1. What is the calculated FRET efficiency for residue 197 to residue 249, with r their C-beta to C-beta distance and R₀ = 30 Å, to the nearest 0.05?
2. Fewest Cβ neighbours within 10 Å first, please rank 254, 40 accordingly.
3. Suppose each label sits 7 Å from its Cα in the direction of the beta carbon; what would the residue 260-residue 381 distance come out to in nanometres?
4. Contour minus end-to-end for residue 46 and residue 5, with contour as 0.36 nm per residue of separation and end-to-end as the Cα-Cα distance?
5. What FRET efficiency comes out for the pair residue 221/residue 282, r = Cβ-Cβ distance, R0 = 56 Å, nearest 0.05?
6. For the chain, give me the percentage of DSSP beta bridges that are antiparallel, rounded to the nearest 5 percent.
7. How high is the relative contact order of the chain, in percent, counting Cα pairs under 8 Å that sit 6 or more residues apart?
8. As a check on your grasp of the helix formula, calculate [θ] at 222 nm for the chain: sum -39500 (n - 2.57) over DSSP H runs of n ≥ 4, divide by the residue count, round to the nearest 500.
């Protein structure tokens, strides 16, 4: 029977970590992810877990320690935000290339500069090509659920890759919501006991980790890494089905909300989805055929499935909570329009950069997007596909 509780997103993730009881957690504090290791360290001190908690001197050291623990065969977890993730940069690629199935909770925060501690997706989106699987949660419940599913996804024999559990700083991390926890024994049974196939402390099979790879081997190594990422899409779906059996909650690669007959749609990620759903419901009551897609899995990108879901719309707006600084839109826009083109669908598409540095996203902002899409349908063309939403223009 589900356990009802009131928790912040960070506390919910820490509870999930307690239930998982990883072998090693190495962490360094940074706003707004600090509460995760803070709460978890209390579980360690109280004897509720037997995790080796390693407080380190920087985020680079945190990821380095996690890599060391992972190569030794330990189930490993950590957390960070923004500049902390940037300081891990070198080690992110090493963790992925070593195919270490660790879990990193990324509490999304704007990257400096200028200095800003509030939410956008520039940190994890900047690391989108580092080789990590990326899951994004809309609310506290999803942050908790994704933390549990991430372990099983990462450790699957066909994957063996690290996973980022991403959710919005302060909006999700610190706000308290009603959520349903799963019983401890069910979580432990769901993630199972970690049994790595290869690890450095296995005296029966000697291995090298992170060796020099000259041109005769490097390419093949990266190809194998890419194949694991491809495999992960099917595994994510399988794990979600198994998770529904213990939780009753259903997850896919993305959520299609009122898309059955939608003519205008928006695509977005994270906590802003709740605001957007409210607007969709209000416009539906007026008879407008609108819908939205909430992307839950950004890596691997669900290109074929997303294109299929959007094939019937006349126009679509892709909302990015970070700027790609390529003068041609944000990363979600680039990925989505590429998916549409490759799969033979060509709805009129427009990009909006929004919410940078924690700028509020209001219902009126989402209403404007749908209104703009109506004008695009009438004109049957997009005048300027690269737009900003909610910015004060000079």
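A short reminder: the numbers here are calculations on the coordinates, not readings from a lab. Please read all numbers here as calculations on a predicted model, not as lab measurements. Don't worry about glycine lacking a Cβ; one is built from the backbone with ideal geometry, like all the others, and counts go over all protein chains shown.
1. On the way: r = 30 Å, r/R0 = 1.01.
Given R0 = 30 Å and the Cβ-Cβ separation, E is 0.50.
2. On the way: 254 19, 40 28.
Fewest to most other Cβ atoms nearby, the residues stand as 254, 40.
3. 3.6 nm
4. Numbers: separation 41, 0.36 × 41 = 14.76 nm, distance 2.05 nm.
Fully extending the segment from residue 46 to residue 5 adds 12.7 nm.
5. Details: r = 51 Å, r/R0 = 0.92.
Result of the calculation: an efficiency of 0.65.
6. Working: 12 of 51 bridges.
Restricted to the chain, the bridges split so that about 25 percent are antiparallel.
7. Values: 805 pairs, mean separation 61.3, N = 394.
Over the chain, the number comes to 16 percent.
8. Values: 13 runs with 161 residues, N = 394.
That comes out to -13000 deg cm²/dmol.
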